[in-house]
Structure formats: C-alpha cells, structure tokens
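Everything below concerns the one structure shown next.
The values are calculated or read from the model by the stated rules, or taken from the named source; none is laboratory data. Only a predicted model underlies this, so the values are computations on that prediction, with no experimental measurement involved. Cβ sites come from the backbone with ideal geometry, for glycine too, and all protein chains shown count toward neighbours. Ligands, DNA and RNA are excluded from the accessible area calculation, which covers all protein heavy atoms including side chains. Shrake-Rupley method; radii C 1.70, N 1.55, O 1.52, S 1.80 Å.
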Amino acid sequence: MTLNNQKEQFSAAYARAVASVVGLNVSKCEVDDDSIDITLGRTGGLAEKIDIQLKCTADSLPAEGDLKFPLKLKNYEDLSRPTIMPRILVVLYVPEECEQWMEISPERAILKHAAWWLSLENAPSTENEKSVTLTIPRKNLFTPAILIDLLNQTREKFIRL
C-alpha cells in the first residue's frame, strides 16, 4: 500500500471514530468524482446529512495560529459550489512517520495528531489554475460536538425553507 493510500485509510478511520461517538451513520462514496469521500448523517426525523472531503497531511503542524492547506482546484470548485447538502473539507494532520500515527497501550489508543474542518460554502471563485491555499481557523477542530452543531444548522436551514 502506498503512503497516500495509508493516509486515505487513516483519515477515513479518524472521521468514523469521531462520528461514532455521537451515533452518526457513515456512508462511503463508491466513486469520488464530486470531491466527496464520505457522508455522515442521522437516522430518523429529518435524517440530516453532511458530505465530507477528507485529506491527510504530514506537513508540520504549526505550534499556533491558523493552518494553511493547499487544495486542488477541482476539489475547491466542487466544495464551493451551491449544493442542497452541506459539504466540508476535513484535513487530518499526522506525524511524518506512519508508525507514529497511533500509540496503543492497555489503557488507551491515541490517534495523532488531529483534524480540522472548513466549509467552502460561498467561497469566491479563483483565478488559480492548479490549487488554492486555504486558511483553516485553529478553532475549527473536527470534534463530535461540531458534527452535531453542523447537522443542527442543516436542520434549521431546511425548516426555514
């Protein structure tokens, strides 16, 4: 397996772990032609869902301040266009050596480092031809609580319609 494939698998496992804490269903897209890797959602009620593009990088995690991440133009355009279901980018930062991505002991399993999310809804078009460097606010840590908040926002938008 290539390192990129390992990163893809690890980022999907990370997102599944976060979603499982709050009881969300995870669906994997069979074909990633729309820059969507997985969909997370509730069951019952309005069955709110959110589409996610997963990325994983071994770039150095800055000690402080916002994060910078270069995103391919196709992904940027797919994630910024208007859609019915919300879409977010989730970027997982990992150590450079894959052997350091996890620590396991009888008491705990630790995944390193963490993931941050960004919505590109209403993002401006760009003149760039290959990629767009995004600024991801440090406060946008990808957590179970933020997933619930994003799904609640989706419900509120639907109810207002």
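No other residue among Asp59, Asp32 is farther than 21 Å from Glu97 by Cα, open to solvent by 70 Å² or more (accessible area, probe 1.4 Å) and in contact with a strand residue (DSSP E or B) (Cβ under 9 Å, 6 or more places away or on another chain) apart from Asp32.
Of the residues making up region 113-156, those that are more than 19 Å from Leu67 (Cβ to Cβ), open to solvent by 60 Å² or more (accessible area, probe 1.4 Å) and not in a loop (DSSP other than H, G, I, E, B) are Ala145, Asp149, Gln153, Arg155, Glu156. Within region 12-57, the set of residues being in a loop (DSSP other than H, G, I, E, B) and either closer than 14 Å to Val90 by Cα or of a type in the set (Asp, Glu) (or both) comprises Glu30, Asp32, Asp33, Asp34, Ser35, Ile36, Asp37, Glu48.
In the condition set (1) touching a strand residue (DSSP E or B) at 6+ places or on another chain (Cβ under 9 Å); (2) farther than 24 Å from Phe158 by Cα, Trp117 is compliant with all but (2).
Remark: Glu103 matches the filter, which requires a residue to be of a type in the set (D, E, K, R), open to solvent by 20 Å² or more (accessible area, probe 1.4 Å) and part of a strand (DSSP E or B).
Only one of Ile110, Ile50 is in contact with a helix residue (DSSP H, G or I) (Cβ under 7 Å, 6 or more places away or on another chain), of a type outside the set (Gly, Ala, Ser), under 19 Å from Ala15 (Cα atoms) and open to solvent by less than 80 Å² (accessible area, probe 1.4 Å); which?
Ile50
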